[in-house]
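First the structure, in the form of structure tokens, and then the observations on it.
Rule-based calculations on the coordinates, nothing more; no lab input. Everything numeric in this text was worked out from a predicted model, so none of it was measured. Positions of Cβ are generated from backbone atoms using ideal geometry, with glycine treated the same way; all protein chains shown enter the neighbour counts.
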């Protein structure tokens, strides 16, 4: 059962076995407010109806009906309805390596999170529906290539250099990923970055628009998502991802992804 505040809120994920690093998503959200989370992939999609407000890269964004959403990998974001009837939308989460392989262009990057292009957004919605229903790998990959063509005019290639501080924080993110199940301290992370604790905290927040704890929780839940997709039991996933117990996993997962761990696992299993 979904842990939503409104009985009409719903969300679904789907993967295809031959492209496991491409994840499809569709939802209609009225009351649920997504806490900061990450997909560690490009998040590309379109708003079919209503409007979404979300925080991304330190700013508020509004995505109305008929707009495209373009999110870069590793960026934490939120999400909530801007209209009383909520918003209905479709997304695809694509690993950067897959984008590079399909397009032949490594280094895609988007400067703008929302594009108000109704005609193109309508085509994106149709292509995402084709991907959702595709039964054959060739049909899926062909539609995926066409979908990326729709986003190509808005991409910056190659990707521009990141803000100052990225090289220093890359080891910190790697350290967080390697220690998801541990209780970490600010001093410990600051040592990895070779900064004093609160100087590190200020720099980290300025760069990621999130605290280290928010980033840690986002990485924990992304790891939980990965393990669930591999068929690992939720109780084991909670332990491996550094969460208190299965109930903690269920609450945290639902707040970030809109479905319970068990339902997500059923939705993305090859037999679903």
Normalised contact order of region 166-268, rounded percent, pairs of Cα under 8 Å and 6 or more residues apart: 22 percent
log10 of Debye I(q)/I(0), alpha-carbon scatterers only, for region 54-115 at 0.27 Å⁻¹: -1.29
Extension gain from residue 198 to residue 233, taking 0.36 nm per residue of separation minus the Cα-Cα distance: 8.8 nm
Region 172-228: Cα Rg divided by the 2.2 N^0.38 Å rule of thumb: 1.12
Angstrom value of the Kirkwood radius, inverse mean 1/r, which spans all Cα pairs in region 202-272: 12.6 Å
The chain, helix-only ellipticity at 222 nm - DSSP H runs n ≥ 4, -39,500 (n - 2.57), divided by all residues, nearest 500: -13500 deg cm²/dmol
Length-normalised contact order for the chain - Cα pairs under 8 Å, 6+ apart - percent: 21 percent
The chain - Rg (one decimal) and Dmax (whole number), Cα, Å: 18.3, 54
Rotationally averaged projected area of region 10-154 (alpha carbon convex hull; nm²): 7.8 nm²
For region 12-74: relative contact order, % (alpha-carbon pairs under 8 angstrom, 6 or more apart): 29 percent
19 Å cut-off, amide nitrogen to a point 7 angstrom out along residue 31 Cα→Cβ, residues in region 243-260: 251-260
